[in-house]
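The values are calculated or read from the model by the stated rules, or taken from the named source; none is laboratory data. In this text, all values refer to a predicted model and were calculated from it rather than measured experimentally. Here the Cβ positions follow ideal geometry from the backbone for every residue, glycine too, while neighbour counts run over all protein chains shown.
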Amino acid sequence: MSDHEYTPKSKFGKWFNDRLPLLSLSAHLREYPTPKNLNYWWTFGGILTFCLVAQIVTGIVLAMHYVANSDLAFASVEHIMRDVNYGWLIRYFHANGSSMFFLAVYIHIFRALYYGSYKSPREVIWIIGMIIYFLMMMTAFTGYVLPWGQMSFWAATVITNLFSAMPFIGESVTNWLWGGFAVANPTLTRFYALHYLLPFLIFGLVILHIWALHVPGNNNPIGIELKKPSKDTVPFHPYIVIKDLFALLIFLIVFAFFVFYSPNLLGHPDNYIEANPMVTPSHIVPEWYLLPFYAILRSVPDKLFGVIAMFASVFVLVILPWLDTSKVKSAIFRPLYKQFYWFLLADVIILGYVGAMPAEGLYLLVARVATAYYFVHFLIVLPVLGYKEKTLDVPLSLTDPVLGGSTNEALTKGQKK
């Protein structure tokens, strides 16, 4: 029975569904046709939804005890850790949850890059996803400031100062963010307000992201479009639901290791020192998941162009569907692209490493080379590959690779010239 034919059996259910068709929606979610060859890399969408809800719930509880005042913020965090029932658990869950959130989103993004999930007809899904990613970075940065430790204070000082490089309006924007002429109590209040608001905006965009996904349907490892429903699809429930729950369980075991055994492994020890404007840390670094962009920022000698390069590194992902000119989606059928994909992954890891190192000597040279390749990959390599790469034959359906069926000549034609 399709979602359009669904009718509640009880009178109350029919009465309620006629006025608010949530029951029909739930039926659609259960029966939603999903490609049957989805691997475990596709489970990170559900994991990300869990992470977002967990961050919102723990964040609300923490907000009940946190004091957004520069004189009291650090002490209020210690109060949560020491005096609030299970406050240490809630805080460690929230703090490590941001790292787990970004770990899952990076896997989600690189899965999309490998299997071409950003290509037509899924460009809007990809763009909404990139907006969510950008808002996640804003939320994480504002949250990093709230403990009001040394790294919180000086990271806020360094990053907000970047806006002063903007022509004409830079100083006004920076002073607005500060709420004065330096990072102080008004800055903390503003960041607290933004950190509380942004997750709800992200939640709304996630709903749009899922809604947009349900229009063309899921991509799949083969990268071919499927008719819904067909012999190549299975209902979302119970097949995909059970698979997602199993992957979530494994993910939670890794998550629990950090929360219970190494809660500060991904943090910085200087943040357990109360913020002091008179003492500058020897090395100011953001959280690990922002390090690649921090490396790009520092690799450019000019402050303004460094800021432009940092924001351009995100914007280039937004326009990726139009930069990749290949008609074949999946890297499985693109031998050259597959190699460049691994180069890109290594490049991002290198950027993350040098971003945590001092911006001098060999580290600075490596950062500049890695930054250059990052933009070359998207702006030169991908457009050229689309025209020059000789791709492998693409099957017509998911069962063809098993049964030895014919190939999709419409996709492969012109790719082997």
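General remarks:
- Residue within segment 254-263 that is outside any helix (DSSP H, G or I) and under 22 Å from the mean Cα position of the chain (by Cα) present: yes
- Selection status of PHE293, closer than 20 Å to THR157 by Cβ, in a helix (DSSP H, G or I) and of a type in the set (Phe, Trp, Tyr): yes
- Of the residues making up segment 370-417, those that are buried (at least 16 other Cβ atoms within 10 Å of the Cβ), among the hydrophobic types (A, V, I, L, M, F, W, C) and modelled with pLDDT of 85 or more are ALA370, PHE378, VAL381, LEU382, LEU385, VAL394.
- Within segment 14-25, the set of residues being assigned to a helix (DSSP H, G or I) and either exposed (fewer than 14 other Cβ atoms within 10 Å of the Cβ) or at pLDDT 95 or above (or both) comprises LYS14, TRP15, ASP18, ARG19, LEU22, LEU25.
- So ALA27, is it more than 28 Å from the chain's Cα centre (by Cα) and touching a residue at least 12 places away in the same chain (Cβ under 8 Å): yes
- Set VAL318, VAL314, VAL348, VAL366: member being at pLDDT 95 or above, outside the structural domain of LEU162 (by TED's automatic domain parsing) and more than 20 Å from PHE110 (Cβ to Cβ): VAL366
- Positions within segment 224-269 being of a type in the set (S, T, N, Q) and loosely packed, with under 15 Cβ neighbours inside 10 Å, in sequence order: SER230, SER262, ASN264
- Some residue of segment 70-83 being in contact with a Ser or Thr (Cβ under 9 Å, 6 or more places away or on another chain) and closer than 30 Å to ASN218 by Cβ: no
- In segment 82-93, of all residues being surrounded by 14 or more Cβ atoms within 10 Å (Cβ to Cβ) and not aromatic (Phe, Trp, Tyr), the one that is nearest to GLY143 (Cα to Cα) corresponds to ARG91.
- Any chance HIS79 is modelled with pLDDT of 95 or more and within 25 Å of the chain's Cα centre (by Cα): no
- Checked against the criteria, GLU5 does not count as modelled with pLDDT under 95, in contact with a Ser or Thr (Cβ under 8 Å, 6 or more places away or on another chain) and among the acidic types (Asp, Glu).
- Restricted to segment 29-72, and to residues there that are in a helix (DSSP H, G or I) and charged (D, E, K, R), the residue that is surrounded by the most Cβ atoms within 10 Å (Cβ to Cβ) is GLU31.
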